[in-house]
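A short write-up of the structure that comes next.
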Amino acid sequence: MTSLVDRLGRAVHCLQFADGLNPAQWAVLRYLDRANRYSRTPTAISEYLGTTRGTVSQTIKALEAKGMIGRETNGRDRRAVLLKLTREGKAALENDPLHCVASVAGMLGDELDEASRFLDRVVDCLQAGNGSLGFGMCADCTHFCRNGFGAEAHRCGLTGDPLSVADSTKICVNYDAPAAP
Ligand code: SF4
């Protein structure tokens, strides 16, 4: 199994030298597409990707130079900067070279959920071993208050901010996993 994971990792790595981007750049674009507004910082990216701040900083610079990501001011802390995908970055992701992996995975049918849960557990264990943060989906977080602002919006119990339906599907650096039953 270890050997299979290694081969898969190498194959997936090679696929991602595409459209003038490298694997690290694709990973940052994908992350920014999935991350919520608390999580689109260089620190959160390096935490999620398990890489150094220096490497992430170089990748961000390259993507900015290509016009694929931009910066916006953080509403809570105006000194902090949030990264965001530009229209060009979103367009690039439509041709993500890993779409072919998703197509192959789709052939697994009902086994896909089981395989995904297994791989999730492997990643969680590795991250826990490294002392990394969990980064789960907002709607599954212990702080998520469904309809916390009535029918209009959910609420983050940690920050008190409203969360839209779209927010609830994003991943978050502050995610707190529910205790195992
Ligand atoms: S509910 Fe949890 S995952 Fe969602 S924004 Fe708040 S801390 Fe992040």
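The values are calculated or read from the model by the stated rules, or taken from the named source; none is laboratory data. This one's a predicted model, so the numbers in the text were calculated from it and none came from an experiment. Every residue, glycine as well, gets a Cβ built from its backbone with ideal geometry; the counts of neighbours run over all protein chains shown. For accessibility, only protein heavy atoms count, side chains too; no ligands or nucleic acids. Shrake-Rupley method; radii C 1.70, N 1.55, O 1.52, S 1.80 Å.
Per residue, the convex hull spanned by the Cα atoms of the chain amounts to 156 cubic angstrom. More than 16 angstrom separation, counting every C-alpha pair in segment 112-168; what % is that? I get 54 percent for the Cα pairs in segment 112-168 exceeding 16 Å.
Before I look further, what does the chain give for accessible area per residue, probe 1.4 Å, in whole square angstrom? Display every interim value, and only then the final one.
Numbers: 11350 Å² over 181 residues.
Result: 63 Å² per residue.
From largest accessible area down, sort 140, 167, 19; use a 1.4 Å probe on the protein chains.
19, 140, 167
When the surface is traced with a 1.4 Å probe over the full set of protein chains, residue 164 keeps roughly 50 Å² accessible. Can you send over the carbon and sulfur percentage of the accessible area for segment 1-152, probe radius 1.4 Å, protein chains only? Heavy-atom surface of segment 1-152 belonging to carbon and sulfur, 1.4 Å probe: 54 percent.
Per DSSP helix of 4 or more residues, -39500 (n - 2.57); summed, then divided by the residues of the chain. What does that give at 222 nm, rounded to the nearest 500?
Result for the chain: -14500 deg cm²/dmol, rounded to the nearest 500.
Each residue of segment 51-63 was assigned a 3J(HN,Hα) from its phi angle through the Karplus expression (A = 6.51, B = -1.76, C = 1.60, θ = phi - 60°), giving 10, 7, 4, x, 5, 5, 4, 5, 5, 4, 4, 5, 5 Hz with x at Gly and Pro. The distance linking segment 144-181 with segment 30-94 is 22 Å (Cα centroid to Cα centroid, whole angstrom). In this label model, residue 151 and residue 132 are separated by 4.2 nm, measuring between points 7 Å along each Cα→Cβ vector. Every Cα-Cα pair of segment 25-131 was included, and the share exceeding 22 Å stands at 43 percent. Three principal axis extents describe the C-alpha atoms of segment 1-72; from largest down they are 42, 26, 22 Å.
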